[in-house]
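Colleague: Before anything else, here's the structure in question.
The values are calculated or read from the model by the stated rules, or taken from the named source; none is laboratory data. All values derive from a computational prediction rather than experimental measurement. Please note: Cβ atoms are built from the backbone with ideal geometry, for glycine as well, and neighbour counts cover all protein chains shown.
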Amino acid sequence: MTLWQRIIRWLDERIGLTELVDTHLKGYRVPSEAGVFYTLGMVAVVAYAIQAVTGFVLLIYYIPHADYAFHGLQEIMRKAPFGWLFRMMHVVGSNMMVAVLFLHLFSVFFTGSYKKPRELTWLTGGLMLLFALLFCLSGYLLPWSQLSYWATTIVTAMPTAFPYLGEYVTRLLRGTEHVSGVTLNRFFALHVAILPPFLVSLMGLHVFLIRRTGISPSPFRRSEGQAGGYPLYPHFLLKGLFMVMVYLAVMFFIISFMPTLFLPAEANVPADPYKTPAHIKPGWYFLAPYQMLKLIPNKFLGIFIELLLLGVFLLWPFLDTKEERNIMRRPLLLGVFLLTLTLWILLTLWGKYS
Amino acid sequence: MRYILLLAAIHILSSPALADFREVFEREFLLKPWAGAEVEESVCVECHTSEIMKPEYRHVAEEWKLSWHYQNRVSCHDCHGGDPEDAAMSMSPQRGFLGTPGYTAVPEFCGKCHVGILRNYLESGHGKALKAGKRGPNCVTCHGSHGISKASIEIINDRLCSRCHSYERAKSMKQALFLVEKKIENIEKDLEDLRASGVYTEDERKALFRTHAEFRALFHTIDVSLVKNRTDEFTKKLDVIQERIEETSSELAFRRNFSAFIMLLFAGMAVVVFLLSKTYMD
């Protein structure tokens, strides 16, 4: 008996490892038509894990103080062993994680996988997307560059469009009248201590709900495929692993050949509260709501519409209760979906180039 | 839904009562961050560009806006004193207003900031001639006043120098300066390239600025042999900066190659996993 077999046997005697693998990996079936789009959730989990690990490394060197944050980060980039690699993975990874979450969201919507009995799965997923965006918002300020300072000024000013509570929310986020060292401390605490347990809990709940309700079969399947679907291991996990490898290859492509894609010139200038740079914009994922708020003349109406849309997004499974899951058989819903997607893209581009 | 819409309608209709939040919103969100660079016009500029100003003084602010001083946020009151925020007291001696200096006082006027240059200038033939007989050139003679450009070796030219003396001596000074100036120009370009690649180059920029300022100050002695003797010293200082730039450039090349290698590794693994998954599917 080899050492490996002895370890397996030791574990098997204590925790029933073989039974666990047989039941939850080999015995768990996924729909036979589950393609690469079904693996986006798995990719998102890996993306978050990459953010956590690279974040831990950055945490070793990062100093959350307005006087040291920017220069400390430059030291990480230039002097810490492979600090540049971890920082670039963290920066590029954060953007790619949001992109993967958006894709996951679209595929779930398109396949109608949010319908009964999966309403709670959608809700937890939607909340996870919001938490991911909060991660991005709080992390954006930490480099304390001109880009981070002024982009945070824009985003934290957005709640002021909301009467009564708006100013309070902005003040709560900033800690002071303007973005300052106090804001940096708040965002740092939010980024590394407050948000992670919430996100991990939501992730656990999301996975639990998926296990309880099972992976939703595609409404577009033409044949039944393999009866009972494929086992999670190795079939589906290998598909997921393939997508994770693609994700990592794309990430390193950006780091190698487009290192300034998410780090424009202003990201290399220390924050200066007295010098407002031209053309500062929030991250690409906030550009659509930012542009929408700019376009609507009544700012309260603007923020109200945005909050309403957010509510509709989160509670969509409870609003769309029709049983038909195939969006192709629901032209109105398909039209609204495509229109929303087109508007989002247009607003994002408008926000970027305006 | 209708309750939500009703609530929205009440809020929108009562919008005049919400002037407070709107004011904050416009100040914080609408105007400041994306209206372009924040330009704070001093009362000096306001007055000098208005109709009430005599025509011969109106061009001053426009010239200044094209100047190197403007780009480096050196404003009217930094040289002329006075209060840039209070029109009534803007030209009050109590607020340190100096006005326009006399011809021989110009070097000290500029030398408040350009200390090293003033020292060398006063020891030079130019400075001595000015102080002795009011006939030597002052700073404005060569550099101009409000529309001042970034100093460059090109300022030494036949047209400008031969207004007072023959160009020959100035030419030999220009030749002595050429190598170091050229080197400085190249380093500035390299630093700009590094900046565009996402590298923070402030330390190198500051080192270059110090060396450059020191070298320019030396030039104001207009002592060709002194400049020639000290060229090696400045070249060595610039070499140190150049070396750091080269190190950073090779580090960038290493980073690109390293992450490209990892990219290929993951791309290869993706192919392997894909083929493996196919065998399971079959």
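Colleague: Modelled with pLDDT of 90 or more and either at positive phi or of a type in the set (Val, Ile, Thr) (or both): is that true of B:Ile222 in this structure?
Modeller: no
Colleague: Can A:Met89 be described as closer than 30 Å to B:Ser197 by Cβ and either among the basic types (Lys, Arg) or modelled with pLDDT of 95 or more (or both)?
Modeller: Here the answer is yes, as A:Met89 does meet what is asked.
Colleague: Of the conditions (1) within 30 Å of B:Thr248 (Cβ to Cβ); (2) surrounded by 12 or more Cβ atoms within 10 Å (Cβ to Cβ); (3) not aromatic (Phe, Trp, Tyr), B:Lys182 fails just one. Which one is it?
Modeller: If we test B:Lys182 against (1) within 30 Å of B:Thr248 (Cβ to Cβ); (2) surrounded by 12 or more Cβ atoms within 10 Å (Cβ to Cβ); (3) not aromatic (Phe, Trp, Tyr), just (2) comes out false.
Colleague: Taking interchain pairs and intrachain pairs at least six residues apart, which have beta carbon atoms under 9 angstrom, with the first residue in the range A:66-94 and on the phi < 0 side of the Ramachandran plot and the second of a type in the set (Lys, Arg)?
Modeller: Hits for this filter: A:Leu73/A:Arg87; A:Ile76/A:Arg87; A:Met77/A:Arg87; A:Ala80/A:Arg87; A:Trp84/A:Arg78; A:Trp84/B:Arg255; A:Leu85/B:Arg255; A:Met88/B:Arg255.
Colleague: Sticking with this one: Only one of B:Asp239, B:Asp190, B:Asp203 is away from chain A (no Cβ under 14 Å), closer than 30 Å to A:Met251 by Cβ, in a helix (DSSP H, G or I) and within 25 Å of the chain's Cα centre (by Cα). Can you tell me which?
Modeller: B:Asp190
Colleague: Only residues that are under 21 Å from the mean Cα position of the chain (by Cα) and either crowded, with 24+ Cβ neighbours inside 10 Å or more than 9 Å from every other protein chain (Cβ to nearest Cβ) (or both): list them for the range A:143-155, please.
Modeller: A:Pro143, A:Leu147, A:Ser148, A:Ala151, A:Thr152, A:Val155
Colleague: Can you name the helices (runs of 4 or more DSSP H) wholly within the range A:242-339 that have at least 1 residues being in contact with a helix residue (DSSP H, G or I) (Cβ under 7 Å, 6 or more places away or on another chain) and either among the acidic types (Asp, Glu) or within 7 Å of chain B (Cβ to nearest Cβ) (or both)?
Modeller: Counting at least 1 such residues, we get A:299-314.
Colleague: Test A:Arg212 against the criterion of being within 14 Å of chain B (Cβ to nearest Cβ), in a helix (DSSP H, G or I) and surrounded by fewer than 19 Cβ atoms within 10 Å (Cβ to Cβ), and give yes or no.
Modeller: No; evaluated as a whole, the condition is false for this residue.
Colleague: Only one of these conditions is not met by A:Ala132: (1) surrounded by fewer than 22 Cβ atoms within 10 Å (Cβ to Cβ); (2) more than 10 Å from chain B (Cβ to nearest Cβ); (3) aliphatic (A, V, I, L, M). Which number is it?
Modeller: Result: A:Ala132 fails condition (1) only.
Colleague: Go through A:Met89, A:Met96 for me and flag whichever is within 28 Å of A:Val207 (Cβ to Cβ) and within 10 Å of another protein chain (Cβ to nearest Cβ).
Modeller: Testing whether each residue is within 28 Å of A:Val207 (Cβ to Cβ) and within 10 Å of another protein chain (Cβ to nearest Cβ) leaves just A:Met89.
Colleague: May I ask you to list the residues in the range A:263-315 that are farther than 21 Å from A:Leu141 by Cβ and among the basic types (Lys, Arg)?
Modeller: A:Lys294, A:Lys299
Colleague: Also: Looking only at the range B:136-169, filter to residues that are modelled with pLDDT under 85 and in a loop (DSSP other than H, G, I, E, B); which one of those is farthest from the chain's Cα centre (by Cα)?
Modeller: B:Ser152
Colleague: Is the range A:220-236 home to any residue that is surrounded by 15 or more Cβ atoms within 10 Å (Cβ to Cβ), at the interface with another protein chain (Cβ under 8 Å from one of its Cβ atoms), modelled with pLDDT under 90 and touching a Leu at 6+ places or on another chain (Cβ under 9 Å)?
Modeller: yes
Colleague: Could you check the range B:242-252 and list, in sequence order, the residues that are away from chain A (no Cβ under 11 Å) and exposed (fewer than 15 other Cβ atoms within 10 Å of the Cβ)?
Modeller: Matches in the range B:242-252: B:Glu243, B:Glu246, B:Ser250.
Colleague: Scan (1) in a loop (DSSP other than H, G, I, E, B); (2) modelled with pLDDT under 90; (3) surrounded by 17 or more Cβ atoms within 10 Å (Cβ to Cβ) for the single condition B:Met173 breaks and write down its number.
Modeller: With respect to (1) in a loop (DSSP other than H, G, I, E, B); (2) modelled with pLDDT under 90; (3) surrounded by 17 or more Cβ atoms within 10 Å (Cβ to Cβ), B:Met173 is out only on (1).
Colleague: What residue, among those in the range B:108-161 that are of a type in the set (Lys, Arg) and within 13 Å of B:Ile222 (Cα to Cα), is surrounded by the most Cβ atoms within 10 Å (Cβ to Cβ)?
Modeller: B:Arg119
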